[in-house]
Each structure stands twice: as C-alpha cells, then as structure tokens.
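For reference, the structure is listed below as structure tokens.
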Amino acid sequence: SDGRALWYPESWVARGRFQGKKPPTLVGETELLPDRNAQEAAVVELAACKCLEVPVLIVVKDPDAVQRIAGALREHLGDEADERRAVIELLHNPAAPQEFVELVQLATEPLQFEGAGEGAGDGAQGFEMDEYGQARVAEADEEAQPVEQQRLLAEGQEGIQLEGLSLETRRQAWRITVTTAEGGRGHDYRVVDPAIDEAGGLLLILTWVPWSEREWIQFLGRTSRQDHAGQYAVLLDAEDEKVLVALPNKLHGESLPRTILKEGDKATAKQLESVGDEIFKAKLMHQLTSHYWTAFKAEETDKNQDWSWKRLCEEYTKLEGDVIKAKFKEILPDVVIKDEAMKVTREERPPTKHTSTGAPLKSMAELTCAKCGHIAFTHWRPDRPAPKVNCEKCGARTLVSAFVPVYASTI
C-alpha cells in the first residue's frame, strides 16, 4: 500500500439503522495513514478525483486544517479553481453570518465554466435548469465534443477509471467544500440532480472521529439525505491523539472508528460521574444559600460572616460535602439545617427504596433515540455501565444524553 488508503467504520449506523434514512455507502480500503501530511495528501487526491462526478464535503478538525487542505486542493486543481470558487472554505464569519448559509447552498451547485451555455464550443460544458430549479449539466452536442472527450465519456459509462488523465481532460464538474464540525452538523447539503445519485451521491470525507457518537451520527447525516444516495470515507491520522488512545484497546475485527467511539463512551461516563457529585454539592449550596440569605436580610450577620460566606461560595466546588457543612456551621452556628440537606457525599446517600424524606433516591439517565429523537428515562448511576435500552416508539438504540438525580419530593 502507498499509505493513502481509507478507514471505513462498520457500525450499526453504517449497516442501515441511520435516522430512518438510506445508509451512506462505504467506499475504499481499510488502512491507517501514517501522519498528517499523508492524510491530507490522501484527502486532496480523493476529493480531486471524485469532484468530477459528485459534490465533495470534507470535515476537518480546525480552521487551520481548512485553510491547509483548501490551499492544497486549489494548487492541485489549478488556477481556475480559485476563480470559479471550485473550492469553498466553509467557516463562520461573525461579520456576515448569512454567508455561511449561502455557502452551504452553493456547495452542491455545479460549476460554471467560461463560455459554457448556448453557443459554447470546443467541448465546454453548458448548464440548464432542471425541474427542481437547480442548475445541472446540459446535454452537449456530441459532434461539438473533441474525439478524446467522446471516448472518455464512453469509457466512463463502462466503469473505467479516469485517474491518470490531465486536469484539462478531467474537468471538475462539482465543488469541494472544506469545513469544521460546525459545517458537519445541522446543515442541509441539498442534492437534487439524478446524475449525482447515479454516481453514488455526495461524498463526505471525514478526517477525524469525535468522542461523541451523537456528533458522529450528525456528521454522517450530511450525505444520503432526503432519500438520496450518499457515500463517505474516513481518513485517519495515526498520530492523532484519539487514535493513539484507541489503538491499544482495539478488538479483533473491530473498526478503529468504532473503538474511538467506545473510548469516548468511557470518557463520557467518567465525566458524568464527576458531574453527579457536582450536582449534589450544588444542591447543598442552594439550600445553604437560602439559610444565609434569610439571616442576612434579617441583619443577623456581620462583615466577617459575610466574607466567610463569599469565600465558601468560591471554594465549594473543591470541597467534599461534609467539609462544606462544617464550614457553614462555623459561619452561622445558630442556623438549624435539616439533616437531609447534608446528605450529599456518596457514603451518606440514602437507600434507593421509596421514602418521603426528600432525600436522593435513584439517579436516572436521560436517553435519546438515535433514530427518532424520542427522550425517555431509566434508573442508572454514572458508576454503572451505560444502560442498553431500545426506544419505546421505534425500537432503535438509545444513547445516554444526560444524568438526572431524582429526589422523593419530585416523584
């Protein structure tokens, strides 16, 4: 291998259960690219080849990568690429927010060539409006095309690859858009030309895999939209931080992107566990604040108590629940606090059976269906494995989207 092969994850998303849409088609081989330079060279090569047939959307990590890859594409495609906006850098511009939406719409429009249209000769491509009001390549007069172009067209219909041809012969027909995660989720890259479907649909090239499977699904959702065909490829850098974390834990027969997503689930579970402790401490401080504020409004505190309370408010996130309780007792020793307000540490949490004390019962997971978006809840603690629950509406897989502590007074 020349090091310019591709990674294509074989996940439940790619196998067809993909938000009720047609699953995008996986293309290419499976091999990890050795470094960033090889990765970006592979991106340029693949995009330059596929833009002859379909629009191409490339999602990279950051704006610097957008500029590097877009610049390399323009150099590869020639001077005309810049003049015709053949390569789009899709980045948010705070001074002109509407520009982002306009560029998304432009991303799937065919390229216009100088001299194209009625009366254009020398084999130039013309464009016409289809029944959907979008520009598409017009049928050219076969006699007006150079013999070489006629031969290539015929061979292309027989599935012969055109990779060795010059740029003058392999004229770019569709734009290449390079963007970050912002352009990789929530935007509709509308494809209506049947010729694009016949060529496999809009090509999505991903250069990284996020920790979040929800974001991964969003990325894949930019192609194969509205019952149209779609295709995607993931080109990974062997020196990427997430790749280095995931590789030692990769199982036999498991794709690397799937391993990265699995590691992301583990990291999220740890974050949720720490967030659970923060929620309990915040609840305690909320209750203590009501006691302090009552004393303050009644003019029962002095300046030393006021300053001590302010320091506690600044430091409480670094303290354990029993330390918070002790410090508050030092500030306002005469205030009587209900016992359940202090039960915030893991050791002090009460049994999970139903009581009427207002103390914590079972924490819960908010589950969001990856297909229809339906939200449900199930009992779960962050120190336990993620619950495996199917959507009660459509039966698809659900993902943990939030941690919710539950109290008896709310049930």
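Rule-based calculations on the coordinates, nothing more; no lab input. If you're wondering where the values come from, they're calculated on a predicted model, not measured in any experiment. Methodologically, a virtual Cβ is constructed for each residue, glycine included, from the backbone with ideal geometry; neighbour enumeration extends over all protein chains shown.
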* Structure fact -> With label points set 7 Å from each Cα along the Cα-to-Cβ direction at L244 and S212, the distance between them in nm comes to 2.5
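For a protection proxy built on the mean count of beta-carbon atoms within 10 angstrom, sort 68-75, 288-295 highest first, please. Write out the running numbers ahead of the final one.
On the way: 68-75: 19.4, 288-295: 15.6.
Sorting 68-75, 288-295 by mean packing, highest first, produces 68-75, 288-295.
Filter K242/K266; K61/K270; K242/K262; K266/K371; K242/K318 down to the pairs with a C-alpha to C-alpha distance above 18 Å, please.
Working: K242/K266 13 Å; K61/K270 24 Å; K242/K262 11 Å; K266/K371 22 Å; K242/K318 29 Å.
Result: K61/K270; K266/K371; K242/K318 exceed 18 Å.
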* To do: Assuming R0 = 30 Å, can you tell me the calculated FRET efficiency for the pair D306 and V275, based on Cβ-Cβ distance, to the nearest 0.05?
  => 0.50
* To do: Would you please put 181-192, 384-395, 38-49 in order of how densely packed they are, using the mean number of other Cβ atoms within 10 angstrom per residue and starting with the highest?
  => 38-49, 181-192, 384-395
* Structure fact -> Of 193-204, 300-311, ordering from highest average Cβ density within 10 Å down gives 193-204, 300-311
* To do: Between A267 and Q226, with labels modelled 7 Å along Cα→Cβ, what's the label distance in nm to one decimal, could you check?
  => 3.5
